[in-house]
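The structure appears right after this line, and notes come after that.
The values are calculated or read from the model by the stated rules, or taken from the named source; none is laboratory data. Only a predicted model underlies this, so the values are computations on that prediction, with no experimental measurement involved. Counting neighbours? That spans all protein chains shown, and the Cβs are built from the backbone with ideal geometry, glycine included. Protein only, heavy atoms only, side chains kept; ligands, DNA and RNA dropped before computing areas. Shrake-Rupley method; radii C 1.70, N 1.55, O 1.52, S 1.80 Å.
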Amino acid sequence: IILGATRTHKEMARFCFFASLLLLTMLLSFCYATITPTSPLLINQTLRSSNEVYELGFFSPNNTKNQYVGIWFKDTTPRVVVWVANREKPVTDSMANLSISSNGSLLLFDGKHGNVWSSGVTFASNRSHVELSDSGNLIVVDNISERTLWQSFDHLGDTLLQSSFLMYNLATGEKRFLTSWKSYNDPSPGDFVAQITPQVPSQGFIMKGSTPYWRSGPWAKTRFTGLPLMDESFTSPFSLHQDVNGSGYFSYSEKDYNLSRMVLTSEGSLEVFRHNGTTWEFNYQTPAHSCDSYDACGPFGLCVSSVPPKCKCFKGFEPKYTEEWKRGNWTGGCVRQTELLCERNSTSKDANVGIGCLVWNQELMDAVQFSVGGELLSIRLAPSELNGNKSKKTIIASTVSITLFVILGFAAFGFWRCRVEHNGNTLMTLLSIVCQQNDQYSKYNKIEHFDYIGFALNRHPQTSSLTTI
């Protein structure tokens with residue numbers, strides 16, 4: 001009896017093992033399942049990446065009947081959604097599903113209400129399926145060639161993941177940018193867009209509608225010059241590459257963290273988070289200070305990062321609207337106290353840009369004075385605005401006057417000798433030659449001297465007042 005009981009127990013254990021293995025296999029096949037034309041994704045079902053990091057499914061951000069198809073981190077709490085398909089058109093029917101057409105187009109059906117969203121493209125492919133990659137990228141793959149036909153990374157939401165990037169392509173007109181949610185509970189497109197500019201070197205911009213809201217400053221090899229935390233010792237998680245074909249790519253990668261993200265919030269700030277294995281750590285935010293806002297002090301205004309922040313004009317400039325400035329309305333900016341002489345004939349409207357050096361020929365906007373770090377800024381001023389200019393003019397003018405006096409003295413002395421000493425034809429002839437040569441020497445030196453000064457004045461506007469001598 002004991003032997004029989006033992007045998008029965010072993011058979012039960014073997015049965016439970018195989019049943020568990022079968023159940024596990026079914027679960028795993030569900031986790032790694034793909035969306036096909038005959039196997040759509042239904043509400044309460046999810047599609048997971050093979051590394052179990054990301055998950056695709058239906059969600060409701062505000063616990064209402066409105067359902068969205070999105071991608072989120074699978075095992076983090078609270079749920080963090082990184083991409084939404086139907087941002088502008090939520091579904092409400094319990095029979096809603098995400099499917100793929102025979103020609104490779106993603107389709108979201110709202111039950112009886114029909115199709116409410118699609119990926120918008122079709123391909124010459126009769127066999128394709130949908131996968132969620134280990135990087136969080138939703139892709140449509142051709143079954144035969146295994147070529148990627150469509151991917152969510154080409155249509156970013158409000159979040160930049162470590163394998164996605166912002167970009168532009170001047171030849172094709174393609175752009176990738178972040179668009180904020182309308183609010184914390186509403187994933188429809190909000191007021192803010194984050195992008196990089198096609199100028200060289202590129203800059204990061206947050207736009208509110210068509211108006212600049214924040215900018216990063218030009219990219220300088222490993223950092224943005226307008227971000228004070230990015231000094232020479234800063235180990236940057238950012239990368240920006242531009243090529244000669246008119247394309248640029250900006251990416252973000254935290255090597256020491258498996259999970260990290262950069263999100264554009266509905267309030268217009270870029271925030272960086274890193275997951276430490278237990279919870280999300282807040283790492284960085286911009287704009288974080290009123291001086292970070294674009295054009296806080298107007299043209300030629302300097303925003304001082306102090307508490308409270310304040311605006312001031314550069315040396316040689318004054319508030320354009322004095323009364324408004326005194327009341328704390330600094331948007332009018334500053335204007336020159338004295339016009340530059342070189343501006344009277346200037347027609348240049350272009351800015352010469354090079355690596356390591358930037359030149360502005362028009363209004364200087366969005367300047368901030370950091371407590372630490374920053375870049376060296378040189379501003380061309382009129383002579384009257386420079387310290388010590390009067391003494392320099394006096395020394396130069398005195399030197400020119402003394403030189404002229406000596407030359408004229410020699411000329412007068414030669415002329416007097418020519419009048420007094422006339423006792424011999426040979427001597428007279430010699431003196432005449434000397435007089436002529438002296439006159440020519442004096443004339444040559446005056447013209448050459450003033451031509452040299454004039455050339456120097458054209459090169460150095462701070463001494464331009466000497467042209468009147």
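How would Tyr294, Tyr184 rank on accessible area, largest to smallest, probe 1.4 Å?
Tyr184, Tyr294
For Arg327, Arg274, the ranking by accessible surface with the largest value first comes to Arg327, Arg274, using a 1.4 Å probe. In plain terms, the chain from Thr265 to Lys326 could stretch by 18.6 nm, reckoned as 0.36 nm per residue minus the Cα-Cα distance. A 1.4 Å probe, protein heavy atoms only, puts the accessible area of Ile43 near 40 Å². Given their separation in residues at 0.36 nm each and the Cα-Cα distance between them, Glu146 and Lys221 gain 23.4 nm when the chain is fully extended. Shown is the FRET efficiency for Thr278 and Lys255, computed with R0 = 22 Å from the Cβ-Cβ distance and rounded to the nearest 0.05: 0.65.
Can you give the net charge of the other residues whose Cβ lies under 14 Å from the Cβ of Ser202, counting K and R as +1 and D and E as -1? That sum, taken over residues with Cβ under 14 Å, equals +4. When a/c reaches 1.5 or more, the comparison of a/b and b/c decides; with that in mind, is segment 146-272 rounded, prolate or oblate per its Cα gyration tensor? Rounded, since a/c falls under 1.5.
Per-residue accessible area (protein heavy atoms, 1.4 Å probe) orders Met365, Met95 as Met95, Met365, starting from the largest.
Measuring nothing but how far apart in sequence close Cα pairs (under 8 Å, 6+ apart) lie, relative to its length, segment 180-286 scores a relative contact order of 18 percent.
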